[in-house]
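Participant: This is the structure I want to talk about, given as structure tokens.
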Amino acid sequence: MADPKKTSALKRLNDKLGLKLNLSTIMLMFKGAVAPTIGLAIYQSKRVSDHYSTIGYLIPIMSLFVVPILPRARFLQNFFVTCFLTCLAAAISLLYMWTAIKARQNTTHISAEQRSNGPVPHAQIVPYNAAASACLAVWFFFWLWAYNTFRAFRPQYFLPLIVFGIYINITAVYGAIFPEMEQAYSLTRRLLDTFFVGFGLAFAVHFVILPITSMDLVTLVLNEYLHVLKGVIDANGALLISLPSRDWNHASKASSAESDSDDAEPTERLTPWPEADKWKALTAVATECQIKVQSEMRYVKREVTFSRLSGKDYSCISKLLRNILIPISGLETVIQVNDRVEKQGGWTSVRTHKDGSGSEVSDRSLSDAERERWSLLFGQIDPAFKLLWQAMIEGLDYAFYTLRITKKPAFATKEQLEARAAEHSEGYGFARYLEKTINHFLGERQGPLREWCRLNGMDEAQVSNRSSHQRNTSQLYLLLDLEYCVVATAVGILDLVKFADSKVEDGTMNKKRLIVPSWKQWKKWAWAFILREDSNLDYTAYAYRSGTPTVYLGDAFGVHRDPEHLPPTTLWEKITDYFRLIPRLFGSKESWFGFKVATGTMIIAVTAFLRNSQMFYIKQRIIWGAIMVAISMTQTAGSGMYGQFVRIFGTFLAMVFSYVDWYIVNGDTAGVIVFLGVTMFLYHYLMITKPNDPVIPMIGMITVILIVAYELQVKQVGVAVSESNGQIFHPVYELAPYRLLCVLGGIGIACLFTYFPSVTTARSEMRKDLGNTLFLLGQYYSSSHKAVSLRLKGLEGNIHDKNSTIRRLEKARTQLFNKQLILILAMENHLKFIRWEPTFGGRFPKELYERLLAHTQNILRFTAMIAWTTKTFKELPTTSHGITSPDSLTEIASTDGSWLKDFKQLISSLELTSHSVTSLLAILSGAIGSGKPLPPYLKAPPSFRIGEMLSSLDSDILSTKHVCQPGYSAFAVMQVSTTMLSEDLADLLRDTKMLVGEAEFNLDIEDYERNVGVVPTEIREKKD
């Protein structure tokens, strides 16, 4: 084992070149290079080359399309879909080749046409026939439209549909020059044979060479997740230590910044805060790890594997980690409060704006005194904080090691963790240690917190300075929000530790066993082949390739009414109602995209169906230019232009690699195969590190194989056999530029039809996706409020009962949340792709859209935080974790009941605000989605002050003597989140008015008389 103090050579290389190389990545790169290299090598056998003749180069290409480096469940799904679509393409090909042959036979009066060698043995071809070519051209155009329309509907099948497209391109070209079905059958058999040998190579490589399951992938991600969480907890400590030193009195800077707020970045900060920046960066990485784990979870549940933990166990681990990440992310509130207070002029601006009696000197001295109190408070609880952070890191280390996710403890030794567990002999030793540490923190923070309240005069019965009291109350809520998130994070880690101990106690971790999915999972997997799966978090990865995601809003609309049709009642109406699906399909944007791709492809492929150009199309391999059109077109112009540029660059790079692979060994077969394997190895780095866009490295690898494999084929079978299929032989130095020209031609046509006859830009999709996100956000806000109401009223039922109200509501909330995340990620991609779109006319308001997106994310985050807090604060006092301390939490048994009782009375008045927020979000969604102005006089709902309403119920309920109760802290979190949500909602409304405008219905009498006629006297008198 290497000395941990020394940096490895691989680590130094990564840091120097900015790479993401590690042992797992290198092994996967090697695995990905094996299948195409074997496919190329076996062709050097005479028996193989005699059998596959001039199409043997397709074997290594097909081995790439099923992607053997995928984890097992993903690979099998991709493998089966690719096999099915290949067989479907073969059946369709036989159909349209039969019609073309019949058309030839009915229009040819020559008894015996001259025959010549075709693409494969026993598949002779005959001269041009107009009827056969026209028949096949129509069929070819239809299936081009069909499969590209389906590709737009189901972007997850992008690679299998490329295989489908290659197959029908080959058969459509040669089907027009076959005299009989005998030749069609020969071509079909050889193509299926070639394709499935490539698939079989990939299948064998996947299961034999370095086999990896979805569980293995999740384990790798969890190992990374563990180290990221440790970094986040350390960053939490640095962030909290830096908080008292922040200068929150920037009135001069705020005034200047406020004047430029319209053009400022939404995340712009007046003064640097490196601790907050580091925390946000690490939290973003942790969130990415959580998304990866959740995205892979449905594949984990569908796998047959040999393991200790089942798919259900991994799902529990994912949920427990999410419960840790949510309160960690809750600290974002503290950072945003700091930034907003700075921009508004600091905490002292509250007094200045309220009564205007304070001078700059008194404000500065007040700020210094407050900073001293903050520093004193944090200094007193800092030792307890540090003990808690250390225990949290050890708890994560213990849980991951106990669950065998890590082979050894990452941040401590095995002996140290065992010593912690041995401190409590009654069992669950480490959990007891973590509970004790949490209790210690809760006990240690009581005295300093009450002292801080006393120093700020918050214990006084009569408030002498209302503005000062309001400022101190806001600071107290912020402090309680911070502490609640820290404690909730520790409790989440404690739950994970207890789960790990329970797996040891029930014998799960003793030995491995065969894990077989349930019948329910098999059914879900079967449905997954045809469903859109747009509520799964990896849907955005598939949508990235197509340019924009198509997220089904579904039940978010609440009602399904057609303003042009009443619900069908009679039998005839019910039957004919299904006929309306036909124009809906042909009129969809997916169908229009498929039509544009089919038209662009036919611009090139039509030369294969004309008498004077048919043989030229075959000889010069123009077919790959036609295939490139379909591969290069996406649904938005920005992503299309970006993809087309990188495809050109990738093909040029592949041409260079082809020269290197061939000429560096002077065309020696063994040397060429070795160098091509190295090239495949290098290309797979992009496949692994950029999984959202596999087309770019895929095109590079295919281009290299098309050039190099063809030259090896010529060496093996000779020039005469290679030209027997009608394709002219070119040496490498000619063939490589020809391939580049084919790609340039295909991409040029794709670029033309991206903008002609109409264009879908990333800018228009950005606006539509923002409107859809706001509509889903309104539904999510409403469902979250319903969940909060049910919990506080005690009507939620059993969460473990599938038919309970809260279970169904939580499932709907999760789907809505996932769809919003998908759309948010899609909008972030749109903002990147916009740079690739040429601008005609005025500039795109990118800064305004960025602010709207930031407000949308904030509202989503604060809504989720409110729902999560009402769930956890009710569980925290009554949980069996034993988190009790003598002075604070034991009181909650007698006092929290009355607090909850009064809080339940608040729900009825919460309804109005919930409805107004939902209505406003729906109105904003409609205005942005349609591009029409907002109705006049629209205002944001007033800020919802829970504290004032609770005080009206019971003046003692918010007394600082209850400040150490978890219920009080939960209330503080809700108050801060609600206040921040109201501010973001107001800003969202303001920026939406700037974007789409506001309708004005004021009647200008003079303009009316000038343009229309005389205004009646009654209206004029009212005007006067």
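Rule-based calculations on the coordinates, nothing more; no lab input. Source: prediction; values computed, not measured. Cβ: placed from backbone, ideal geometry, glycine included. Neighbour counts: every protein chain shown.
Participant: Please list 3J(HN,Hα) in residue order for the range 178-193, calculated via the Karplus relation 6.51 cos²θ - 1.76 cosθ + 1.60 where θ = phi - 60°; whole Hz, with x for glycine and proline.
Facilitator: Each residue of the range 178-193 in turn: 8, x, 9, 5, 4, 5, 4, 5, 4, 4, 5, 4, 5, 5, 4, 4 Hz.
Participant: Name the shape class, rounded, prolate or oblate, that the alpha-carbon gyration tensor gives for the range 136-182, where a ≥ b ≥ c are the square roots of its eigenvalues, rounded holds for a/c under 1.5, and otherwise prolate holds if a/b is larger than b/c and oblate otherwise.
Facilitator: Verdict is prolate for the range 136-182.
Participant: Let me check I've understood the local charge: for Pro933, count other residues with C-beta under 13 angstrom from its C-beta, Lys and Arg +1, Asp and Glu -1. What total comes out?
Facilitator: Result for the neighbourhood of Pro933: 0.
Participant: While we're looking at this one, here's another question. Taking amide hydrogens as modeled 1.01 Å from N in the peptide plane, which residues meet the under 5 Å criterion relative to Thr305, leaving out close sequence neighbours?
Facilitator: Hits under the 5 Å cutoff: Ile515.
Participant: Please give the net charge around Arg621, taking every other residue with its beta carbon less than 13 angstrom from that of Arg621, where Lys and Arg add +1 and Asp and Glu add -1.
Facilitator: With Lys, Arg at +1 and Asp, Glu at -1, the neighbours total 0.
Participant: Let me ask you something else. With each pseudo-label sitting 7 Å past Cα toward Cβ, what's the Lys832-His227 distance in nm, one decimal?
Facilitator: Once both label points are built, they end up 2.3 nm from each other.
Participant: Here is a further query. Using a/c under 1.5 as the rounded threshold, could you call the range 99-202 rounded, prolate or oblate? The axes a ≥ b ≥ c are square roots of the C-alpha gyration tensor eigenvalues, and prolate needs a/b larger than b/c, oblate otherwise. Intermediate values should be presented prior to the final figure.
Facilitator: Details: a/c = 3.75, a/b = 1.53, b/c = 2.45.
Because a/c hits 1.5 or more and a/b fails to exceed b/c, the range 99-202 counts as oblate.
Participant: In addition: Taking amide H positions as placed in the peptide plane 1.01 Å from N, state which residues far from Glu998 in sequence (5 or more) or on other chains have amide H under 5 Å from it.
Facilitator: Residues meeting the criterion, in which the H sits 1.01 Å from N, are Leu934.
Participant: Where Lys and Arg each count +1 and Asp and Glu each count -1, what net charge lies around Leu581 among other residues with Cβ under 14 Å from its Cβ?
Facilitator: 0
Participant: Per residue of the range 98-107, what does 6.51 cos²θ - 1.76 cosθ + 1.60 with θ = phi - 60° give for ³J(HN,Hα)? Whole Hz please, x for Gly and Pro, Karplus curve as stated.
Facilitator: Ordered by residue, 3J(HN,Hα) equals 5, 5, 5, 5, 5, 5, 5, 5, 7, 10 Hz.
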